[in-house]
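Working notes, beginning with the structure itself.
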Amino acid sequence: MPRIIVERNFDIPVTDESLKSLMERMGPCLEIYKVKWVRSHLATDRKRMMCEYDAADAESVRTVQKEAQAKFDRVWPAEVLGTA
Amino acid sequence: MEFWEGVATILMEPDILSIRLLGDLQVVRGGQAMPLPASKRTRAVLGYLVATGARQSRERLCDLLWDGPDDPRASLRWSLTKLRPLLNDASAERLVADRDSVAIAAERMSVDVAMVRTLLASGAQGASLDQLEQAARLLGGEFLDGLDLPRCYRYHEWCMAERESLGALRRAALSALVGRLQDTPEQALAYARAWIGAEPLSESGHAAVVRLLGTLGRLREAHEHCSNANRFLERELSVPLTGELVRAAAAVRPAARAPAATAQSVQIPESDMGVAQRLPIVGRETERAWIDHAVESSFGIQAKEVLLILGEPGIGKTRLLDYLAESAAHGRCRVLRARAFEAEMVRPYGAWIDALRAVPAGDVPNAVQRELALLLPGLGEVAPGESDRGRLFDGMAALLRALAAAQPLVLVFDDVQWLDEASLSLLHFVARASDSPVPLLIACAARTGEIDDNPVLARVRQSLKREKRLAELTLAPLDAAQTAALVRLAYPKLDAAQVFEESRGNPLFALELARARQRGDALGRPLQALIAGELARLEEKPRELALWVAAYGREIFPEVLADATGMAPSELATALLVLERRGLLCATETGACDFEHDLLRQAAYRSLSQPRRRLLHRGLARALDAAAKTDPALLADLAHHAGLAGDAATAARGFAGAADRCLKLFANAEALELVMRGLAHLERVPSGAERARLRVELLRARIYALGSRSVSQERGLAAELSNAIADAEAAGLHAEASSAFFALSYLHYHSGEAGRARAATLQSADASQAADQGTRARQLASTARCLLDVDADVARSRALIAEAEALAHSQRVSLTELEWARGLLLRWDGDLEGARVSIERALAIARANGERWREYECLVWLALVDLELQRLERFDTRCIEIEKVARRMGDPDAPVAAVLRDLARMALGARGAEDAFSVSVERLRSIDNKAYLAYALNWGAAIHLDAGRLDRAEACALEAFQAAKAVERITEVVVACALLARIAVRRGDGEATRARMQRLAGEVSDPQRLSARARAHLAPVSAVGMNFSTLAPTV
């Protein structure tokens, strides 16, 4: 399954609460669009974030973000280099 | 007068400290009033320690005055350092503090409240006439007047209770004095008037006034007073009077009826008018030069700076902001202006909302309307969960950038020491986001001494200073020449020298002194007394109106005033005109009215006795209760006034509603504060369903306001909420219980108790079965639409749509998701016209609700349907709309619209269409949108096949097949396979045909479970011999 990366930027540091509510909103869509969340990296200043998903294409991931009203800047398919 | 002589002698001793708690807090040493710390909380600590006379733990003092997320112990330490030099001297160390507690030792110190209690130790009836007179004199002022801190609800409750207790003493002393002074009716009348001032609802007090006026032969006055008091008491008490007042009036001989006051009878002598017109600014050359330079250069290099004007009350900060606003307006800048009010520190974004009222909706860029609708309801509705604080802030920054790009923009905020946390955070964000080269200047004014009472402001100020974004201008008092110039502008013939001496260069004070001098009053009175004198000179209606406005605490709309006062519109208009011409009130840009200066408001409010204040707050709460039903922004005001009126149930209800509103605006700190105040009022609400409902609402709001980080640290909250749920269920409040269960699951979840969280969630679901049908309908339709979008489980989608339709019908709601899902299902079934109608309905709802993303998606589906219907003209219009919406959403292009348009052109055989199609397909590949890639390539393959371009058709169909397979879109997989089979047949390649037919048969397990589009592509293949009903290849 291709690896898809979502880049997000926040003008003010994102809170645990917002992230939790985001994950909750995304839950049902992930299943329907067959998107699997792999992991996320949150910058220590909590203003940038990269999320990794496994999905058939980037558009499925994009759709899930839109369905869940999640803010994102870019979505792109990626190759995994090194050990995953 | 031995008592006073003794007191006076003692007070003149240099090392005796006299503390006055009744009236303005005052510390007098050797006959001299000492300057007090500017911070209200610091003065409140002093008042509390002196009044209680007991050792207090630091924890209690912190709870009392600094209950919040900041460092309360540090704030207390800071306050004590300010109090130490005030209280301690060589003769005594009165402020005694150790690690855990603080006390004020009453050594060589006299306190007025203690004197009163001594004088009335054996009750008012047991006190001598002299003692009663002394007590009445001491009790003339309100306890800790002007030190109201409604946000510190524990302190506030204590202060109100003290005022009640001392008010009762005062009323008892005054009533006893009226009884004892029957032989000297002039003297008794003064006390009787003071009595009804202190106890306006006392029928006995009014009766005493009527009797005494009769005794003095002032018969007309007696009858007038009787009829006014009768009306007033009947309105306020809503119970029959005892008859005492009527009996008193009957004892007075009838008098000629007094003519009723009419609007025409209100005349203001020209000589008596205040300085209603705005005077030119005097002095402040340096500050004006800064402003002139900023405006002339359209803010130039100062654009990155926030201007903060600092100074004491009345020093001219607002006047300088006026100067800035006027200069900016002349310089063709747009000025947005608002101010904060002490009474409304819990109205999140209150000042921003006020400032933005002047921006027409048409000037708000479409892209941010959705985000800003939270602040400006006129911009549309916000669905829950669709926004967050970050988006709101981004939206505001984008709006200001857009406004400033069109016209240089000045944002003016006055009295920012009273701004709420949410407004300050937004201000900080906007200031930091203003790096882009648009002309935007933010100008604020604050009272120097009160900045530290607002820790968020202190933090924002520090941060802006550190980032070198803050320019501060501190206003000094005017010098003698400037004061004289100012006074002469208003009163050319007045000798200004004495005014300067007394006002010490404070312009507001100087003008009030000059006004008093002009009308022949002696100087030497404090500002408070001057303004009280000014009010006393007004006729009854304007004076009453001024007091209502003062009690409201901020600008007030005439409709609310009319509701609260019961005044007829003509009376109201006349009274407002009088107050405006006297320079006391002014009309704001939004059509509300307000005091010219906050000091005037304070002075007017402080001229009221505590019971009178209660009455006014009660009337205001009544008016606001009705208004808040349509404007939830008024809920915090309702709670504030109901609380001050002693109406605990309405206050708790208002606080609960206001807290909920704060949560929606992401103002959690404010929400938490409102919840705590609401809970404090709830203690006094009698048991029953109302109390159970409010308790659940407040606790639920408390949990969400605390957020995931802090909620786990609140011990006992889960047990408290469980009890509240039990009470709510016992009272039959199932919907409330359901929402509280959900909050409980949230609480357990964040406390690491997953098992209990799940259990609570299930209970919530059970309880909510019937609670919110509209939400459930939306969720069902959304799931159905998603399933149709991915071309999966259509049978389930059908069932979900049917269920959602039934729910939506019963709730009479129109849902984008439902119409959209219905449209997709109709398309799947092959009813393209029906699909178009449904999706167009979905589009209309999405547009009405401002659901931009759904608007975009619906347009894309409509373009698809029009293409399939061969309605090419309408299809073109759709593509243009798609591109427009995409741009509004911040996307420079719309790749799906582009590829569909190129397909249409290719089908018509347009020149260059094939190359364009290749480019737009490449764009779809690059953004990795496989579902639309498969759809477009299948269309391309069909066009090439019809035109006999078999190689191109094959290349397209092969790629379409791979893409559709990857994203599991069965319709496009079948279409690609069918096209590949037809290509092989056209080529006459029997082997390839067989292989492709077999592959197609492998993909089609049951043709009846395929979409109309897939079935349509199977038909030509069937025609060449494939029997899909038996799945057996015949060729």
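The values are calculated or read from the model by the stated rules, or taken from the named source; none is laboratory data. Fair warning: this is a prediction, and the values are worked out from it, not measured in the lab. Positions of Cβ are generated from backbone atoms using ideal geometry, with glycine treated the same way; all protein chains shown enter the neighbour counts.
For the reader, a short list of remarks on this structure follows.
- Among the conditions (1) modelled with pLDDT of 85 or more; (2) acidic (Asp, Glu); (3) within 30 Å of B:Ala458 (Cα to Cα), B:Asp71 misses just one, which is (1).
- Check on B:Asp829, surrounded by fewer than 18 Cβ atoms within 10 Å (Cβ to Cβ) and either within 13 Å of chain A (Cβ to nearest Cβ) or modelled with pLDDT of 85 or more (or both): yes
- Selection count, the stretch B:667-696, where residues are assigned to a helix (DSSP H, G or I) and farther than 30 Å from B:Leu426 by Cα: 10
- For first residues located in the stretch B:488-510 and acidic (Asp, Glu), partners that are not in a helix (DSSP H, G or I) and lie 6+ apart or on another chain with Cβ distances below 9 Å form the pairs B:Glu501/B:Leu523; B:Glu502/B:Leu523; B:Glu502/B:Gly524; B:Glu502/B:Arg525.
- Number of positions in the stretch B:578-607 that are surrounded by fewer than 19 Cβ atoms within 10 Å (Cβ to Cβ), touching a residue at least 24 places away in the same chain (Cβ under 8 Å) and outside any loop (DSSP other than H, G, I, E, B): 3
- A count restricted to the stretch B:780-797 and to residues that are closer than 20 Å to A:Cys29 by Cβ, away from chain A (no Cβ under 12 Å) and surrounded by fewer than 22 Cβ atoms within 10 Å (Cβ to Cβ) stands at 1.
- Members of the stretch B:932-976 that are part of a helix (DSSP H, G or I), among the charged types (D, E, K, R) and within 12 Å of another protein chain (Cβ to nearest Cβ): B:Lys965
- The conditions of being outside any helix (DSSP H, G or I) and either charged (D, E, K, R) or modelled with pLDDT under 90 (or both) are not met by B:Asp63.
- Matching residues in the stretch A:20-42 - criterion: being over 13 Å from the mean Cα position of the chain (by Cα) and surrounded by 16 or more Cβ atoms within 10 Å (Cβ to Cβ): A:Ser21, A:Pro28, A:Ile32, A:Tyr33, A:Lys34
- Entry remark, the stretch A:1-55: residues being among the charged types (D, E, K, R), in contact (Cβ under 8 Å) with a residue 24 or more places away in the chain, within 9 Å of chain B (Cβ to nearest Cβ) and within 14 Å of A:Gln69 (Cα to Cα) number 1 in total.
- Only listed residue being farther than 29 Å from B:Gly850 by Cα, within 14 Å of chain A (Cβ to nearest Cβ), at pLDDT below 90 and part of a helix (DSSP H, G or I), chosen from B:Ser425, B:Ser463: B:Ser463
- Complete set of residues in the stretch B:608-666 that are in a loop (DSSP other than H, G, I, E, B) and within 30 Å of B:Gly395 (Cβ to Cβ): B:Ala628, B:Lys629, B:Thr630, B:Asp631, B:Leu665, B:Phe666
- Number of positions in the stretch B:203-225 that are in contact with a Pro (Cβ under 9 Å, 6 or more places away or on another chain) and under 24 Å from B:Arg614 (Cα atoms): 1
- Screening A:Thr83 against (1) more than 11 Å from every other protein chain (Cβ to nearest Cβ); (2) over 26 Å from B:Cys858 (Cβ atoms); (3) modelled with pLDDT of 90 or more leaves a single unmet condition, (3).
- Residue check for B:Val430: modelled with pLDDT of 75 or more and within 14 Å of chain A (Cβ to nearest Cβ): yes
- Helices (runs of 4 or more DSSP H) wholly inside the stretch B:129-211 that include at least 3 residues being in contact (Cβ under 8 Å) with a residue 12 or more places away in the chain and acidic (Asp, Glu): B:153-180
- Among the residues of the stretch B:887-897, those identified as in a helix (DSSP H, G or I) and either buried (at least 21 other Cβ atoms within 10 Å of the Cβ) or without any contact (Cβ under 8 Å) to a residue 24 or more places away in the chain (or both) are B:Arg887, B:Pro895, B:Val896, B:Ala897.
- Cross-chain or 6+ apart pairs with Cβ under 6 Å, the stretch B:898-926 first and more than 23 Å from B:Val885 (Cβ to Cβ), then of a type in the set (Gly, Ala, Ser) and assigned to a helix (DSSP H, G or I): B:Met906/B:Ala913
- Per-region count, the stretch B:636-652, residues charged (D, E, K, R) and touching an Asp or Glu at 6+ places or on another chain (Cβ under 8 Å): 1
- Condition check for B:Leu189: closer than 28 Å to B:Arg231 by Cβ, surrounded by fewer than 20 Cβ atoms within 10 Å (Cβ to Cβ) and out of contact with any Asp or Glu (no Cβ under 6 Å at 6 or more places or on another chain): no
- When the stretch B:85-95 is filtered for residues that are of a type in the set (A, V, I, L, M, F, W, C) and within 19 Å of B:Arg43 (Cβ to Cβ), the ones remaining, listed by number, are B:Leu86, B:Leu87, B:Leu95.
- Extreme residue, surrounded by the fewest Cβ atoms within 10 Å (Cβ to Cβ), among residues of the stretch B:106-123 that are at pLDDT 85 or above, more than 15 Å from B:Arg163 (Cα to Cα) and among the aliphatic types (A, V, I, L, M): B:Ala121
- Residue in the stretch B:858-880 that is on the phi > 0 side of the Ramachandran plot, within 14 Å of chain A (Cβ to nearest Cβ) and either in contact (Cβ under 8 Å) with a residue 40 or more places away in the chain or crowded, with 23+ Cβ neighbours inside 10 Å (or both) present: no
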